[in-house]
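The values are calculated or read from the model by the stated rules, or taken from the named source; none is laboratory data. Note that the structure is predicted; figures quoted are calculated from it, not measured. Glycine gets a Cβ as well: all are built from the backbone with ideal geometry, and neighbour counts include every protein chain shown. These area figures cover heavy atoms from the full protein model, side chains too; ligands, DNA and RNA do not enter into them. Shrake-Rupley method; radii C 1.70, N 1.55, O 1.52, S 1.80 Å.
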Amino acid sequence: MTSVETPIRLAIVDDHKMLLGALTEWIRGAASDISMVAAVPTWPELLTHSEFPVDVVLLDLDLKDNIPVSLKLSILKTTGVKTVLMSTYSDPAVVREALASGALGYLVKTEDPTMIVEAIRAAYIGESFISHELDIALNATTTGSPKLSAQERRVMALYAAGEPVKSVAYELGISEETAKSYLKRIREKYRASGFDVGTKVALRKRAILDGIILD
């Protein structure tokens, strides 16, 4: 742990302003060795912030800005900033790609908030951090599951985590009808692979088994 005299300078980037506010307050109250110097909703606001570059960035993977996460990680690495990614979903392929691109930590937003502090401290000293549950999902081998597109995985993750279709559509910046079409396609793919995910409960169970969400 760093000393209180030289706290870890942290920035958070998340376009959900309620979550951004809650995380800011929680971290300020939970860790005296972490100094929250920036909390912004967009990537450009991070880069132009007066406190940038910081020591560690807690970066939302799901920002709707069409900027590849690999590019963001490359820019942060070049400026000497360590990165911990947050996301609403835990698809193993996405996690592996993020870690391979230079992220030192990966957190799913449904995990215990204390893990955020652990991940920030680990990143600061150059160590990687993922939760035990996510580690299990990464190392699990599921056979016979259909190949889903990145957007299909996002839809499945949000819906299986309990979000109604309307919220899924809003989160991903698509229409409700498009979200329904994705769900229909996901169910058809699973049916073709021999898995019945006709109900939301069945879809959730499958999403957990395939590592798309954590239990």
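Annotations for the structure displayed:
- With the whole protein complex present, H49 retains an accessible surface near 50 Å², based on a 1.4 Å probe.
- Estimated [θ] at 222 nm from DSSP helical runs (n ≥ 4, -39500 (n - 2.57)) normalised by residues in the chain, nearest 500: -14000 deg cm²/dmol
- Accessible area per residue, Å², the chain with all protein chains present, probe 1.4 Å: 50 Å²
- Summary of the geometry: the stretch 16-45 and the stretch 71-109, compared by the centres of their Cα atoms, lie 18 Å apart.
- Set of the stretch 50-78 residues, backbone N closer than 18 Å to the point 7 Å along the Cα-Cβ line of I125: 55-57
- Translational diffusion of the stretch 12-161, µm² s⁻¹ [Kirkwood Rh, Cα pairs; Stokes-Einstein; 20 °C; 1.002 mPa s]: 135 µm²/s
- Sulfur and carbon atoms: percent of accessible area, the chain [1.4 Å]: 54 percent
- Whichever aspartates and glutamates have a C-alpha closer than 13 Å to that of K82, once near sequence neighbours (fewer than 8 apart) are set aside: D55, E127
- Counting 0.36 nm for each residue step from D135 to A93 and taking away their Cα separation leaves a gain of 13.9 nm.
- Under 23 Å from the Cα of K166 - lysines, other chains or at least 8 residues apart: K17, K64, K109, K180, K184, K189, K200, K205
- Using the Cβ of L63 as centre and a radius below 15 Å, the other residues enclosed give a net charge of -2, where K and R count +1 and D and E count -1.
- Computed P(r) (all Cα pairs; the stretch 97-215; 10 Å bins; percent): 13, 39, 32, 15, 2
- Once the Cα-Cα distance is subtracted from the 0.36 nm per residue extended length, the H49 to I174 segment shows a gain of 42.0 nm.
- Each Lys and Arg contributes +1 and each Asp and Glu -1, all at the Cβ; summed about the Cα centre of the chain, the dipole is approximately 880 debye.
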